[in-house]
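Colleague: Dropping a structure here in structure tokens format, bear with me for questions.
Nothing in this text is a laboratory measurement; each read-out follows from the coordinates by a stated rule. Since the structure is predicted, the reported quantities are computational estimates derived from the model, not experimental observations. A quick note on method: Cβ atoms are made from the backbone with ideal geometry, for glycine too, and the neighbour counts reach across all protein chains shown.
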Amino acid sequence: MRIATFDFGTTAIKFVVLDEKANILYNNKLDIDTIIKDDFIEQSPNQWLETFKNLIESYKDKNQLTHLICSGQMQDLIFIGKNNTPLYNAILYNDQRGDNYLDKIDKEIEEKTTIHMNGSIPLSKMYWMKENEPKVLEDTKNILFSPKDFITLYLTNIAVADTTTLSTTGMMDIYKKEYIDTIEVNKEILPKILNCGDIVNTIDKNIALELGLNPKLKIFAGSGDAGATTLASGIIKDNELNINLGTSGWIANISKSPNKEAFNLCAINEGYYINVIPVLNASSVHKWVTNLIFKDNDNKYDLMDKLLDENINYDTDLLTLPYLVGERYPVADNKIKGCYFGLNPNTSLVDLAISALEGVAYSLKQGIVELGVTPKTISLIGGGALTKAWNQIFANIFEVPITVYSDSEYLPSISLTSSVLIHEGFINSYEEFIRELLSNQDKKVYLPQEDRVDKYRDKFTKFKKLYPSLKVINE
């Protein structure tokens, strides 16, 4: 058995091949571009497809792949016409063009989805499309909500979406797992609702021939990235939290019922819900400050790690509001801008770097307060968790142990294989798989530095005053 997993992120697509014991046989990743124009944030579905093909081509034993399953960014809007051709750039999850149409959404929909509607929700952006791109909607055969589902459509000629991804759209009743009647979207163009471990079909024979793949390759529905990441984190109890530090990020815990204070998603493990606080600004802030300080250096990320490691106990009074692209939580404001507060003649590049990373941690701490959970342990996952100094900052600010697993970048891809292995009878449950996976995984635990906690508490109090003050200026 050779299982191909693809993770469609905001900045890159990751490809991992595993066997029936979840051993990694091959991995590769390629970058993708984001198109930003004014307040619009988009990507090209055609680039997704070409990058997917290039990754497949990079694997010399591609004809031996037996199963394929994907995870990917959620909450996108992808309009598909005849011959499965994209009619428009994909509108990304962090694009908030639906902000002016929230009054058109029935309050009953919020109750059935448990979503606090904002301009980034696909349903709100559908109203923008109706007003500004009616011809695109007229020609649309299918609407999809994740790049993984665009690839699934290409591979099988079937439009599907998983329940985790659909939980973000504002269109699915999260309790009944069905589309809501009052959403004013033609249900005939919406994808079929599946669970992560459902088989969509075997690969289309013509596509298999084109790509040199096994014509019996089984294509699974897969999951939105939050489902795969939360599963990989191993959180299964109350007061256990996972934080994902991707380009954007989220705080998540697991429960048997939705949490009204959170953004709720159906979990991969059926019958459970992921209670999420999503944030738009996470590792993107690390990328921004790295480019600010080391812009012209090819090894800028190594230089940033060195700067942070050499100053891991550095105290800065500088505060950063890290809202580079607006924010969803702990505030919902697509117009707010980021800022440094407290610059003085002695402010250094070290201050700029550390303060920016602290700002993300403070923002996430506000999210934890909103979630109403008192965490006992927190696990970090995603590209941002590779920065050791940042992990220590999180431990100090959250005042709980922070667990970071080695090679956490690929843990969501590995965890996805559990759906395949359950379907094929190799394992009995997700819990069994994840427990064994994490028990064999190298990890590092970062403990709060007690002598620094009080200072961080004081700064957090000041941080919470930044947004209300700047909101007035920004109006």
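Colleague: What are the extents of the Cα atoms of the range 30-170 along their three principal axes, listed from largest to smallest and rounded to whole Å?
Modeller: Its Cα atoms span 53, 30, 27 Å along the three principal axes.
Colleague: Of 388/459; 192/218; 306/465, which pairs sit farther than 27 Å apart, going by alpha carbon to alpha carbon?
Modeller: Details: 388/459 21 Å; 192/218 17 Å; 306/465 32 Å.
Violating the 27 Å Cα-Cα cut-off are 306/465.
Colleague: Ranked highest first by average number of other Cβ atoms within 10 Å, how do 395-402, 343-350, 454-461 line up?
Modeller: Working: 395-402: 20.2, 343-350: 10.9, 454-461: 14.2.
Result, highest mean first: 395-402, 454-461, 343-350.
Colleague: Over 25 Å between Cα atoms: which of 37/287; 62/141; 112/135 fall into that group?
Modeller: Numbers: 37/287 19 Å; 62/141 31 Å; 112/135 30 Å.
Result: 62/141; 112/135 exceed 25 Å.
Colleague: Taking the Cβ of each residue in 130, 205, 287 as the centre, tally the other Cβ atoms inside 10 Å and list the residues starting with the fewest. Write down the numbers at each step before the final one.
Modeller: Values: 130 15, 205 10, 287 18.
So the residues, fewest neighbours to most, are 205, 130, 287.
Colleague: Karplus couplings for the range 203-214 from phi (6.51 cos²θ - 1.76 cosθ + 1.60, θ = phi - 60°), rounded to Hz, Gly and Pro as x?
Modeller: 4, 4, 4, 5, 5, 4, 5, 4, 8, x, 9, 4
Colleague: Ok, one more. Can you classify the range 328-390 as rounded, prolate or oblate using the Cα gyration tensor, where a ≥ b ≥ c are the square roots of its eigenvalues, rounded means a/c under 1.5, and otherwise it's prolate if a/b beats b/c and oblate if not? Intermediate values should be presented prior to the final figure.
Modeller: Working: a/c = 2.19, a/b = 1.34, b/c = 1.64.
It comes out oblate by the Cα gyration axes.
Colleague: At what distance in angstrom do the alpha carbon centres of the range 331-354 and the range 1-74 lie from each other?
Modeller: If we compute the Cα centre of each part, the gap is 35 Å.
Colleague: Right, something else. Based on the alpha carbon coordinates of the chain, what radius of gyration and maximum Cα-Cα distance (Dmax) apply, in Å?
Modeller: For the chain, the Cα radius of gyration and maximum Cα-Cα distance read 21.7, 66 Å.
Colleague: Normalising by the residue count of the range 3-221, find the relative contact order in percent from Cα pairs under 8 Å and 6+ residues apart. Walk me through the numbers on the way to the answer.
Modeller: Working: 460 pairs, mean separation 44.6, N = 219.
Contact order relative to length: 20 percent.
Colleague: Further, regarding this structure: Among 152, 202, 247, 165, which comes first, second and so on when ranked by fewest other beta-carbon atoms within 10 Å? Can you show the working numbers first?
Modeller: Details: 152 29, 202 15, 247 23, 165 33.
Ordered by Cβ neighbours within 10 Å, fewest first: 202, 247, 152, 165.
Colleague: Can you tell me the Rg and Dmax of the range 225-475, counting just the alpha carbons, in angstroms?
Modeller: Just the Cα atoms of the range 225-475 yield Rg and Dmax of 18.4, 65 Å.
Colleague: Then there is this: Taking θ = phi - 60°, what integer Hz values does the Karplus form 6.51 cos²θ - 1.76 cosθ + 1.60 yield along the range 357-367, in sequence order, with x for Gly and Pro?
Modeller: Those phi angles translate into 5, 4, x, 5, 5, 5, 4, 5, 5, 4, x Hz.
Colleague: Let me ask something additional. Quick check: from the Cα gyration tensor, does the range 216-298 come out rounded (a/c under 1.5), prolate or oblate? Intermediate values should be presented prior to the final figure.
Modeller: On the way: a/c = 2.96, a/b = 1.57, b/c = 1.88.
In terms of gyration-tensor shape, oblate.
Colleague: Using all alpha carbons of the range 158-288, what is the percent of pairwise distances in each 5 Å bin, ordered from the shortest bin to the longest?
Modeller: Going from the shortest bin to the longest, the percentages are 2, 10, 17, 18, 16, 15, 11, 8, 3, 1.
Colleague: How are the alpha carbon pair distances in the range 3-62 distributed across 5 Å bins from zero to the largest one, expressed in percent?
Modeller: 4, 17, 27, 19, 13, 9, 5, 3, 2, 0
Colleague: For residue 325, what is the net charge nearby, where nearby means another residue's Cβ is under 14 Å from its Cβ and Lys, Arg count +1, Asp, Glu -1? It would help to have the intermediate numbers written out before the result.
Modeller: Numbers: positive: 37, 97, 287, 328, 335, 337; negative: 38, 39, 42, 95, 99, 327, 333.
Value of the local net charge: -1.
Colleague: Still on this structure: Quick check: the distance between the Cα centres of the range 89-151 and the range 362-392, to the nearest angstrom?
Modeller: 29 Å
Colleague: Could you tell me the relative contact order of the chain? Use alpha-carbon pairs under 8 Å, at least six residues apart, and round to a whole percent.
Modeller: Working: 1001 pairs, mean separation 62.9, N = 475.
Computed value for the chain: 13 percent relative contact order.
Colleague: While we're looking at this one, here's another question. Compute the acute angle (0 to 90°) between the alpha-carbon long axis of helix 453-474 and the principal axis of greatest extent of the alpha-carbon atoms of the chain; round to the nearest 10°.
Modeller: Its long axis makes an angle of about 70 degrees.
Colleague: Follow-up. When only Cα pairs under 8 Å and 6 or more residues apart are kept, what is the percent relative contact order across the range 225-475?
Modeller: Details: 431 pairs, mean separation 54.0, N = 251.
Over the range 225-475, the number comes to 22 percent.
Colleague: With the radius of gyration and the Kirkwood radius both derived from the Cα set of the range 396-475, what is their ratio Rg to Rh? Write down the numbers at each step before the final one.
Modeller: On the way: Rg = 20.5 Å, Rh = 16.4 Å.
Value, to two decimals: 1.25.
Colleague: Now for a separate question. Tabulate in residue order the Karplus-calculated ³J(HN,Hα) for the range 270-275, using 6.51 cos²θ - 1.76 cosθ + 1.60 with θ = phi - 60°, rounded to whole Hz; enter x for Gly and Pro.
Modeller: The phi angles translate into 4, x, 10, 10, 9, 8 Hz.
Colleague: Based on Cα coordinates alone, diagonalise the gyration tensor for the range 323-440, multiply each eigenvalue by 5, take square roots, and list the semi-axes in whole Å, largest first. Mind showing how you got there, number by number?
Modeller: Details: eigenvalues 245, 56, 40 Å².
One finds semi-axes of 35, 17, 14 Å for the range 323-440.
Colleague: Quick check on the chain: of the DSSP beta bridges with both residues there, what percent are antiparallel, nearest 5%?
Modeller: Beta bridges within the chain, antiparallel portion: roughly 70 percent.
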